[in-house]
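Reading through the structure tokens given below for one structure.
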Amino acid sequence: MTDDTLNPAPADAAADPLHGQPVQVVERDGVRYTLLGTAHVSQASIDAVRAAIDSGAYQAVAVELDPGRLQSLTDPDALSQLDIVRVLRDGKAHLFAANLALAAYQRRLAEQLGVEPGAELKAAVQEARARDLPFHLIDREVGLTFRRAMQRLGWWGRARTGAGILLAMVGDDEIAEDDIEKLKGGDVLEASFGEFAAHSPALYESVIAERDRYMAANLRELAGGDAREVLAVVGAGHLPGLARHLREDVEDPATVRRSLETVKPKSRVPWMELVIGAFLVGGFAWGFWQGGVDVGSDLLLQWVLATGILGAIGCAIAGGHPLSILAAFIASPLTPLHPALASGTVSAFVEATLRKPTYADFMALRDDVQTARGWWKNRVARVLLNFFLTSLGTAIGVWTGGLRMLGRLFG
């Protein structure tokens, strides 16, 4: 294995399409990998990628993309094919919101800087296709990265990150200079998470370091094929870690990849639901036993009203259909007992069924979420708003109802 230095300066620089670009070369298992570090907002990176592939020096191209990100870059109609009802049914509303936040952030960058983030990755795929070169998508799926990142954070970290995602969707301020510098360093996901990745070792591990290992494992799996010269186009921020793992890792690549795709399953025993359920049932039982029907029924009524009304208010603020508001009111008191009864999911599901988003809603989604008015106008965005605000209202109602119950029981 060998490793060339960064930014090699050949005698005839004009003949080298990668002259002046951050480059590392690693030879392993009979394959020579040329790792080209790019800035995701740089026209120079786009030109370098095209020139390198046009040179004919490479037999395959690897790109820091996953199928979903490639589709969003190359297919403007991809969003229109989404089934929002299925997203809700599968419990993926949070992941959809994260992807939407990333898309909104990239749109703002494109408007501010005049270069579409990831355009050099898109160019690499297009140039490879035009020359019938095999290309490989070596990055991990964004949803997996997001889920693993969230699992590493505590409750407060998840709340802060969720707030950051919401701000990324609705904010219209110019992108901060620090975030632009991160993009020049070459990673859209890190910049999208903003200050969280910078100050959270857990997020950095999932968003950057794990993906270095993952991409290196995917590159190593190319050994044994026909390609002996491979150009890998990755964000410059990944260059040192990717080169190190490509040189040094000895664990089977498929094993590495599987370990980095694993998401810790939820506990088969829903301890939180059991604790809250036991508290509620015990509180109601104690009320009926100690105070009779009057006290017990009063506790039950207060719980239903506190959770149901606040959940319904959240749905109403989101502009929910009257039946969605009714669904929120009915589901909110039951939400703490079982995840399948979550009020946000139930009300959003009813909303999406009654007011099914149209093709035009999906196509306008990225633009509409840039303004507050657009959230209520666009049916897709309104379903998401319904999910989050109903859930928030119910959560406040659960705390309020629980505290009132404690006050009645021990006051």
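The values are calculated or read from the model by the stated rules, or taken from the named source; none is laboratory data. Keep in mind it's a predicted model, so treat the numbers as computed, not measured. Cβ atoms come from the backbone with ideal geometry, glycine included; neighbour counts cover every protein chain shown. In case anyone asks, the SASA skips ligands and DNA or RNA and just uses the protein heavy atoms, side chains included. Shrake-Rupley method; radii C 1.70, N 1.55, O 1.52, S 1.80 Å.
Details
- Test result for Leu102, out of contact with any His (no Cβ under 9 Å at 6 or more places or on another chain) and modelled with pLDDT of 70 or more: no
- Only listed residue being at pLDDT below 75 and open to solvent by less than 60 Å² (accessible area, probe 1.4 Å), chosen from Ala168, Ala123, Ala119: Ala168
- Flag if Arg382 is part of a helix (DSSP H, G or I), under 24 Å from the mean Cα position of the chain (by Cα) and at pLDDT 85 or above: yes
- Count of residues meeting criterion [open to solvent by less than 70 Å² (accessible area, probe 1.4 Å) and under 18 Å from Asp90 (Cα atoms)] in segment 342-376: 11
- Those residues of segment 126-148 which are aromatic (Phe, Trp, Tyr) and within 18 Å of Ser259 (Cα to Cα), in sequence order: Phe146
- Residue within segment 258-281 that is at pLDDT 85 or above, in a helix (DSSP H, G or I), basic (Lys, Arg) and within 30 Å of Ala57 (Cα to Cα) present: no
- Test: residue in segment 292-303 that is in contact with a Gly (Cβ under 6 Å, 6 or more places away or on another chain), open to solvent by 60 Å² or more (accessible area, probe 1.4 Å) and modelled with pLDDT under 85: no
- Within segment 222-266, tally of residues that are surrounded by 22 or more Cβ atoms within 10 Å (Cβ to Cβ) and among the β-branched types (Val, Ile, Thr): 3
- Residue-level analysis places Leu389 outside the set of residues that are open to solvent by less than 30 Å² (accessible area, probe 1.4 Å) and farther than 18 Å from Val304 by Cβ.
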